[in-house]
Amino acid sequence: MTLADRARGAWRGAVNTGSALAALGLLNSVRNLRIVPTPAAPTAAPGDARPTISVLLPLRDEAHRVGPCLRALTAQGCAEILVLDDASSDGTADVVRTELGGEPRLRVLVGSGEPPPGWLGKPWACERLARAATGDVLVFVDADVVLTPHAVERAAAMLTDTGYAIVCPYPRQVTTGPLGRLVQPLLQWSWLTTLPLDVAARSPRPSTAAGNGQFLVVRAEAYRRAGGHAAVRTEVLEDVALVRAIKSVGGSGGMADGTSLATCRMYDSDTELIAGYGKSLWAAFGSPAGAAGALALLGLAYVVPAAGALVGPDRRTRLIGLTGYAAATAGRVLIAARTRQRMVPDAFAHPLSIAAFTGLVAASFRRRRRGELSWRGRPVVVGPRDSEAPHR
């Protein structure tokens, strides 16, 4: 057998394997879309017979975009709204008081200076809010999230409906820019495609944890038993780490469909997206080796079949590659329909989405090695538990 024959055989094998993985991902997506926790429809009296709810909003230099989030909080049936202004320099606290000045449930906490040694900025802000909260259920919300009326009651009811200690209803993502349209839909697609959600929610294994701090709902008792945000104080992806901490003390929980509960516009431009992803993607897979392995699998399942469909060495390989590409596209279309994302042409560019995401991960590692990572004016520094842990 010549070297060319071996190369063609390897190419066929890669296309076959990648297409099989894409098909398995599609099957898992179909199953997950049937079982993913989904909030019940609003009732006539959403606040009746429900636990007391504290809504917690950490803010740092968010004056330019927090207005819609704040206005939406007035339509929530919660006991209190706690806002922490984390040493903002742009008048964020003034915006809060202007928007919610007549809101009797509002308490504004003021943070000054840097987090204590050994803490990242957001976990420290969330910890301070949780310490001040009195509710049975804690609802953490980011500044770029806009809730629908009574969303927090419906989200809190999901804890009872599922028996979970923590649930993360994923908001509908509002995207902008070519890169945003390529990459942002992968956030929901990833956990709906790669995890068996019911098994993952109850499994104690750290690798099965999935979370989203944009809109995170947790039983206060379970949160405190797990150590709260103090248990994840050095974690860049503190939301996923908090789900792991809850599971480590016997709780369960994970992702849910929050499409009807909230929207989130994370970034206003591709430049913002690159900066935002750059600060955290290096930590998404646990280690450089983990990142390399995960990206290799994604490429095998979602780039190789499309390439095989175009330039496979024979007709059979091209047909198999086309089948794999079709499976990947079908999964994206189904998830886009459920989460109210664009289907055409975005879903059909899935191989480009994976390639763009791979580039963002590589750029994040590169910036980290150069010591260039920062966020909200706070540079990356060395943490006490891990010589490579960043603060923000």
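Amide H to amide H distances under 5 Å link LEU106 with ILE81, where only residues 5 or more positions off or on other chains count and H is placed in the peptide plane.
Between segment 264-305 and segment 80-152, how far is it from one alpha carbon centroid to the other, in angstrom? That distance is 28 Å. Segment ASP314..ASP270, full-extension length gain: 11.9 nm, with 0.36 nm per residue of separation and the alpha-carbon distance subtracted.
Using 0.36 nm per residue and subtracting the Cα-Cα separation, the extra length available between SER248 and ARG225 on full extension is 7.3 nm. Most simply put, the chain has about 35% antiparallel DSSP beta bridges, counting only bridges with both residues inside it.
When LYS247, LYS122 are compared by accessible surface with a 1.4 Å probe, the order from highest to lowest is LYS122, LYS247. Among THR176, ALA363, LEU297, whose Cα lies farthest out toward the positive end of the dipole of the chain, if unit charges sit on the beta carbon of Lys, Arg (+1) and Asp, Glu (-1)? Value computed over the given set: LEU297. Taking the accessible area of the chain, probe 1.4 Å, and keeping the other protein chains in place, the carbon and sulfur fraction comes to 59%. Taking Lys and Arg as +1 and Asp and Glu as -1, the other residues whose beta-carbon sits under 9 Å from that of ALA143 total -1. Considering only SER112, SER364, SER248, the mean-square fluctuation computed in a Gaussian network model of the chain, springs between alpha carbons under 10 angstrom, is largest for SER112. Other residues within the sphere of radius under 10 Å centred on the Cβ of THR74, judged by their own Cβ, net out at 0 (K and R +1, D and E -1). Computed over the chain with a Gaussian network model linking Cα atoms closer than 10 Å, the most mobile of ALA132, ALA93, ALA143 is ALA132. Under a 10 Å cutoff between Cα atoms, tell me which one of GLY254, GLY118, GLY101 has the largest fluctuation in the Gaussian network model of the chain. Of GLY254, GLY118, GLY101, the most mobile in the Gaussian network model is GLY101. Mean sequence separation of contacting Cα pairs (under 8 Å, at least six apart), scaled by the length of the chain, corresponds to a relative contact order of 23 percent. Between ASP90 and THR176, the FRET efficiency from the beta-carbon distance, with R0 = 22 Å, is close to 0.55. Stretching the chain fully between ALA4 and ALA362 yields a gain of 125.8 nm (0.36 nm per residue, less the alpha carbon separation).
The values are calculated or read from the model by the stated rules, or taken from the named source; none is laboratory data. These numbers come from a predicted model, not from an experiment. Heads up, the Cβs are rebuilt from the backbone with ideal geometry, glycines too, and the neighbour counts pull from every protein chain shown. Ligands, DNA and RNA are stripped out before the accessible areas are found, and what is left, the full protein with its side chains, is counted by its heavy atoms. Shrake-Rupley method; radii C 1.70, N 1.55, O 1.52, S 1.80 Å.
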